[in-house]
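Worksheet: one structure, shown below.
The values are calculated or read from the model by the stated rules, or taken from the named source; none is laboratory data. Because the structure is predicted, anything quoted here is derived from the model rather than measured. As a convention, Cβ positions derive from the backbone with ideal geometry for all residues, glycine included, and neighbour counts pool all protein chains shown. Side chains included, ligands, DNA and RNA excluded: accessible areas come from the protein's heavy atoms. Shrake-Rupley method; radii C 1.70, N 1.55, O 1.52, S 1.80 Å.
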Amino acid sequence: MIKSLIHSMIVCPDMTKDYPKIEYGSGVYLYDKQGKRYLDGAAGSSSVSNLGYGRQEIIAAATEQMSKVAVLPTHAFSAEVVERYLDRLVNFAPEGFKRAWTVMSGTEAVENAVKLALQYHQLMGEPNRYKIISRWNTYHGNSVFMLDIGGMKARREAYSKWLNNFPHISPAYSYRKPEGMTEEEYVLSLLKEFENTIIEADPETVAAFVAEPVVAAAMGAVPPPEGYFKGIRRICDKYGILFVSDEILSGFGRTGKNFGISNFGVKPDIIAAGKGISGGYFPLSAVIASEKVVTPFVDTKSPFLGGHTFACNPVGAAVGNCVLDIIEREQLIQRSKEMGDIFLEKLRGLYEYDIVGDVRGVGLQCGIELVQDRETKEPFPKELLLSKKIGERSIQKGVVLYPGRGSVDGVLGDHIMITPPFIIDEEQLETIVSTVKDCIEEVSVELKQFTK
Ligand SMILES: Cc1ncc(COP(=O)(O)O)c(C=O)c1O
């Protein structure tokens with residue numbers, strides 16, 4: 001164990017573990033130094049390698065652009081490749097979106113999106129609007145500002161003295177709605193909580209509401225109940241609040257639509273996209289803004305006060321253009337929907353195990369929640385590290401999953417998210433399901449010994 005500390009300079013992941021060293025990837029598979037093959041059911045960390053590994057076409061596009069020009073003095077120049085890409089991004093977004101720019105990480109994109117919202121209100125003559133409302137059990141990035149806006153208790157804890165500047169509301173989590181409530185009553189109660197939070201915060205100080213359309217790592221692919229986002233949109237409009245959709249994980253086809261929010265019949269004001277936007281071939285993310293948000297900037301000729309060294313990078317644009325070409329040519333968004341439906345059906349077979357409490361998802365963003373008792377939905381003690389154990393077992397068996405904890409209240413609750421590349425086929429989906437099944441069977445035996 002100590003060996004890994006001596007031999008590895010990596011400090012972020014589990015310090016007690018020796019990680020297999022990956023040599024290369026091809027299609028949906030990764031290969032380590034010993035030649036062992038892993039089916040990547042997470043598509044990177046997670047929902048990144050949506051097009052699979054080793055796409056020579058993207059590598060060629062990046063190399064060609066690098067050989068022309070790899071970076072621009074963006075204070076002085078633009079480039080055709082960048083302009084073309086930004087135009088395509090706008091067209092990839094729902095109708096009514098007008099401007100886009102790229103940055104490098106999801107964290108930067110969501111942060112840019114809420115900064116854009118703030119500046120929009122200033123230009124509209126409402127400089128007092130600065131508060132951002134978001135939800136518990138959600139993740140919007142790892143800068144201190146994004147941790148504050150996000151709602152993952154475990155990730156926030158160490159920085160708590162720097163945080164707690166903004167209100168958070170409850171997640172929309174049908175599986176754990178209060179006993180005896182209908183779905184409709186539940187949605188109404190969530191919307192009431194949202195409206196009350198706005199009123200309490202003083203509506204004229206609220207700039208934006210931020211949400212993941214399908215909550216990813218913090219909860220394990222939880223979609224909203226019917227009508228939830230329509231209600232959120234109505235309330236945002238009523239109080240002049242901008243709606244930011246964090247599409248870092250759900251965007252670019254993951255849910256079977258260009259953007260996750262389009263599954264729920266509403267349009268946000270600003271979209272933040274990342275991860276799969278480049279298929280993992282370049283650190284790339286983007287902000288896409290609607291006409292409403294862009295108009296005061298254009299009318300007053302005010303620039304957005306963003307700006308990063310690698311913003312609107314030409315290599316990122318070349319990669320992004322190529323990713324969009326492939327998505328269109330291979331109809332990968334449609335494939336994500338079709339394979340997602342097949343996958344969810346297969347995953348529902350796991351209900352044969354009592355510890356599988358909920359199977360959920362949209363498109364190829366799927367998740368499983370594990371419980372001690374299916375009737376009461378009681379989660380496992382956190383000390384058991386159940387989802388982590390399943391994730392580790394699964395890697396030994398050659399399948400990468402995305403385990404997580406805290407779905408119930410930020411601390412308790414084991415879930416596993418599975419977000420394979422869109423190019424996955426039915427047989428490979430079956431391999432994932434049967435591996436999860438084997439892992440669940442094995443841990444179930446251990447759990448029986450634990451509860452004896
Ligand atoms: C929904 C969501 N928003 C934001 C982020 C932050 O993205 P990044 O890790 O690229 O900074 C993530 C990353 O997992 C995410 O899933």
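The criterion of being among the polar types (S, T, N, Q), open to solvent by less than 10 Å² (accessible area, probe 1.4 Å), within 16 Å of the ligand (Cβ to nearest atom) and farther than 28 Å from Ile232 by Cβ holds for Ser278.
Going residue by residue through the range 103-117, is there one that turns out to be open to solvent by less than 60 Å² (accessible area, probe 1.4 Å), at pLDDT 95 or above and over 18 Å from the mean Cα position of the chain (by Cα)? It would help to see each step written out before you state the result.
Step one: list which residues in the range 103-117 are open to solvent by less than 60 Å² (accessible area, probe 1.4 Å), which gives 103-114, 116-117.
With at pLDDT 95 or above added as a condition, the list becomes 103-114, 116-117.
From what is left, the residues that are over 18 Å from the mean Cα position of the chain (by Cα) are 116-117.
Within the range 103-117, one or more residues are open to solvent by less than 60 Å² (accessible area, probe 1.4 Å), at pLDDT 95 or above and over 18 Å from the mean Cα position of the chain (by Cα).
Considering the range 64-74 alone, what residues qualify as being free of Cβ contacts under 8 Å to residues at least 12 places away in the same chain and open to solvent by 70 Å² or more (accessible area, probe 1.4 Å)? Break it down stepwise before answering.
Looking only at the range 64-74, we keep the residues that are free of Cβ contacts under 8 Å to residues at least 12 places away in the same chain, and these are 67, 73.
Of everything in the range 64-74, just one residue is free of Cβ contacts under 8 Å to residues at least 12 places away in the same chain and open to solvent by 70 Å² or more (accessible area, probe 1.4 Å), namely Ser67.
With respect to the conditions (1) of a type in the set (A, V, I, L, M, F, W, C); (2) within 12 Å of Ala286 (Cβ to Cβ); (3) over 20 Å from the mean Cα position of the chain (by Cα), Ala100 falls short on a single one, namely (3). Taken as a whole, the condition of being touching a residue at least 40 places away in the same chain (Cβ under 8 Å) and crowded, with 18+ Cβ neighbours inside 10 Å applies to Tyr139.
Figure legend. Inter-residue proximity from the range 143-166: first residues closer than 22 Å to Ala113 by Cα, second residues of a type in the set (D, E, K, R) and away from the ligand (no atom under 16 Å from the Cβ), beta-carbon distance below 8 Å, spacing 6+ or different chains. Indicated pairs: Phe166/Lys131.
Within the option set Val436, Val443, being in a helix (DSSP H, G or I), touching a helix residue (DSSP H, G or I) at 6+ places or on another chain (Cβ under 7 Å), surrounded by 23 or more Cβ atoms within 10 Å (Cβ to Cβ) and in the same structural domain as Met339 (by TED's automatic domain parsing) holds for one residue only, Val436.
Each residue in the range 145-178 was checked for being surrounded by 15 or more Cβ atoms within 10 Å (Cβ to Cβ), over 19 Å from the mean Cα position of the chain (by Cα) and more than 19 Å from Glu193 (Cβ to Cβ), and 1 of them qualify.
So is Asp269 more than 11 Å from the ligand (Cβ to nearest atom), assigned by TED's automatic domain parsing to the domain that holds Leu324, without any contact (Cβ under 8 Å) to a residue 12 or more places away in the chain and not β-branched (Val, Ile, Thr) or not? In short, no.
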